[in-house]
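Engineer: Below is one structure. I have some questions about it.
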Amino acid sequence: VNRTKKEFNNLSSFSGDILVECPHCRKKAHVLADIEGERVPFVYNARRVFRCENCFQPVDPKAWYGPIIIFPAYGKCSKCGSDLKGKSRVVKKYQSKMKARCEVCHHEQFYKTRYETIQANDEQATDPYIGLPLWLQIPVGDEILWAYNYDHLELLKNYVSAKLREAQVGGKYSLTWKLPNFIKVAKNRDKILKAISRLEKKLL
Ligand SMILES: [Zn+2]
Ligand SMILES: [Zn+2]
């Protein structure tokens, strides 16, 4: 019977062995994490190891290699106190200061920044630990379809192929509950299955 399994599948159950692109040789590598008792997105304390079985070069497991979003630390114009929340910017490397211009009084200056990491958006997806690009990611229309590893990819495939979608269990951490809408929309099914089969064939 072709049905989505009624299992508790949350993203963290796939996050112990994540396939990424090695920053040195660009081949498939692993980010391995001790995820006992951890839940995405609360993974920051998990012990993690990077391993490339092609070039064996190391990566600092405490560094963040992915994109980050920076924004003025206090979020207010220093002159008139207006909101600067819209002034965030996506950058590749952290910058401790950024220029921002107030929309209300037009005062412009450099502000100290705070930052957040970005794990997945419409353009790319990274592992949640050190921010390396996921090995299994592919554009589907304006979105990015991504998976942490082949088990995760298979679950997505089963989900999309399922003719009957049973009510999902597992609460707010259930993977299928958290799937982006474009995966759930029936009219995208063929496009997504094609993208998944291209990922399945991706060589080392
Ligand atoms: Zn490598
Ligand atoms: Zn202002």
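Engineer: Being in contact with a Pro (Cβ under 9 Å, 6 or more places away or on another chain) and more than 16 Å from ligand 1 (Cβ to nearest atom) is the filter here, so list the residues in the stretch 56-77 that pass it. Walk me through it before giving the result.
Structural biologist: Restricting attention to the stretch 56-77, the residues satisfying the condition of being in contact with a Pro (Cβ under 9 Å, 6 or more places away or on another chain) are 57, 59, 65-66.
Once the filter is applied, which keeps residues that are in contact with a Pro (Cβ under 9 Å, 6 or more places away or on another chain) and more than 16 Å from ligand 1 (Cβ to nearest atom), the stretch 56-77 yields only Gly66.
Engineer: Looking at the stretch 104-114, which of its residues are touching a residue at least 40 places away in the same chain (Cβ under 8 Å) and either outside any strand (DSSP E or B) or surrounded by fewer than 17 Cβ atoms within 10 Å (Cβ to Cβ) (or both)? Steps first, answer last, please.
Structural biologist: Kept after step one, since they are touching a residue at least 40 places away in the same chain (Cβ under 8 Å), are these residues of the stretch 104-114: 112-114.
Result: Lys112, Arg114.
Engineer: Within the stretch 96-103, does at least one residue satisfy the condition of being within 16 Å of ligand 2 (Cβ to nearest atom), of a type outside the set (Val, Ile, Thr) and assigned to a loop (DSSP other than H, G, I, E, B)? Quick ask: steps written out before the conclusion?
Structural biologist: If we filter the stretch 96-103 for residues that are within 16 Å of ligand 2 (Cβ to nearest atom), which is where we start, we get 98-103.
In the following step, the residues that additionally are of a type outside the set (Val, Ile, Thr) were identified as 98-103.
Next, from what is left, pick out any that are assigned to a loop (DSSP other than H, G, I, E, B): 102-103.
So far as the stretch 96-103 goes, yes, one or more of its residues are within 16 Å of ligand 2 (Cβ to nearest atom), of a type outside the set (Val, Ile, Thr) and assigned to a loop (DSSP other than H, G, I, E, B).
Engineer: While we're looking at this one, here's another question. Return the residues of the stretch 101-117 that are touching a strand residue (DSSP E or B) at 6+ places or on another chain (Cβ under 6 Å) and hydrophobic (A, V, I, L, M, F, W, C); say none if nothing qualifies.
Structural biologist: Phe110 - this is the single residue of the stretch 101-117 that is touching a strand residue (DSSP E or B) at 6+ places or on another chain (Cβ under 6 Å) and hydrophobic (A, V, I, L, M, F, W, C).
Engineer: Taking Tyr129 as the residue in question, decide whether it is of a type outside the set (Gly, Ala, Ser), modelled with pLDDT under 90 and either more than 30 Å from Ala186 (Cα to Cα) or within 16 Å of ligand 1 (Cβ to nearest atom) (or both). Working first, answer last.
Structural biologist: Working: of a type outside the set (Gly, Ala, Ser): yes; modelled with pLDDT under 90: yes; either more than 30 Å from Ala186 (Cα to Cα) or within 16 Å of ligand 1 (Cβ to nearest atom) (or both): yes.
Spelling it out, Tyr129 is indeed of a type outside the set (Gly, Ala, Ser), modelled with pLDDT under 90 and either more than 30 Å from Ala186 (Cα to Cα) or within 16 Å of ligand 1 (Cβ to nearest atom) (or both).
Engineer: Run down Leu204, Leu136 and say which single residue is modelled with pLDDT under 90, aliphatic (A, V, I, L, M) and within 29 Å of Lys93 (Cα to Cα). Before you say what the answer is, go through the steps one by one.
Structural biologist: Numbers: Leu136 fails: modelled with pLDDT under 90.
Only one candidate qualifies: Leu204.
Engineer: Additional query: Take the stretch 1-39 and flag every residue that is at pLDDT 55 or above, part of a strand (DSSP E or B) and in contact with a Leu (Cβ under 9 Å, 6 or more places away or on another chain).
Structural biologist: Asn10, Asp17, Ile18, Leu19, Val20, Glu21, Lys28, Ala29, His30, Val31
Engineer: Against the condition touching a residue at least 12 places away in the same chain (Cβ under 8 Å), within 19 Å of the chain's Cα centre (by Cα) and part of a loop (DSSP other than H, G, I, E, B), how does Ile130 come out, does it pass?
Structural biologist: yes
Engineer: Still on this structure, I have one more. Are any of the residues in the stretch 70-86 in contact with a helix residue (DSSP H, G or I) (Cβ under 8 Å, 6 or more places away or on another chain), crowded, with 19+ Cβ neighbours inside 10 Å and of a type outside the set (Phe, Trp, Tyr)? Working first, answer last.
Structural biologist: Step one: filter the stretch 70-86 for residues in contact with a helix residue (DSSP H, G or I) (Cβ under 8 Å, 6 or more places away or on another chain), giving 71-72, 75.
Now narrow it down to the ones that are crowded, with 19+ Cβ neighbours inside 10 Å: 71-72.
If we keep only those that are of a type outside the set (Phe, Trp, Tyr) too, we end up with 72.
Yes: the stretch 70-86 contains one or more residues that are in contact with a helix residue (DSSP H, G or I) (Cβ under 8 Å, 6 or more places away or on another chain), crowded, with 19+ Cβ neighbours inside 10 Å and of a type outside the set (Phe, Trp, Tyr).
Engineer: Of all the residues that make up the stretch 76-94, how many are assigned to a loop (DSSP other than H, G, I, E, B) and modelled with pLDDT under 90?
Structural biologist: Just the residues of the stretch 76-94 that are assigned to a loop (DSSP other than H, G, I, E, B), to begin with: 77-82, 84, 88, 92-94.
Applying the additional criterion that residues be modelled with pLDDT under 90 yields 92-94.
Number of matching residues: 3.
Engineer: Any chance the stretch 146-155 includes a residue that's of a type in the set (S, T, N, Q), touching a residue at least 60 places away in the same chain (Cβ under 8 Å), buried (at least 21 other Cβ atoms within 10 Å of the Cβ) and within 26 Å of Pro58 (Cβ to Cβ)?
Structural biologist: Quick first cut of the stretch 146-155, residues of a type in the set (S, T, N, Q) only: 149.
Those still in the list that are touching a residue at least 60 places away in the same chain (Cβ under 8 Å) too: 149.
Retained after the next criterion (residues that are buried (at least 21 other Cβ atoms within 10 Å of the Cβ)): none.
Within the stretch 146-155, none of the residues are of a type in the set (S, T, N, Q), touching a residue at least 60 places away in the same chain (Cβ under 8 Å), buried (at least 21 other Cβ atoms within 10 Å of the Cβ) and within 26 Å of Pro58 (Cβ to Cβ).
The values are calculated or read from the model by the stated rules, or taken from the named source; none is laboratory data. No experiment lies behind these values; they were computed from the predicted model shown. Positions of Cβ are backbone-derived with ideal geometry, glycine not excepted, and every protein chain shown enters the neighbour counts.
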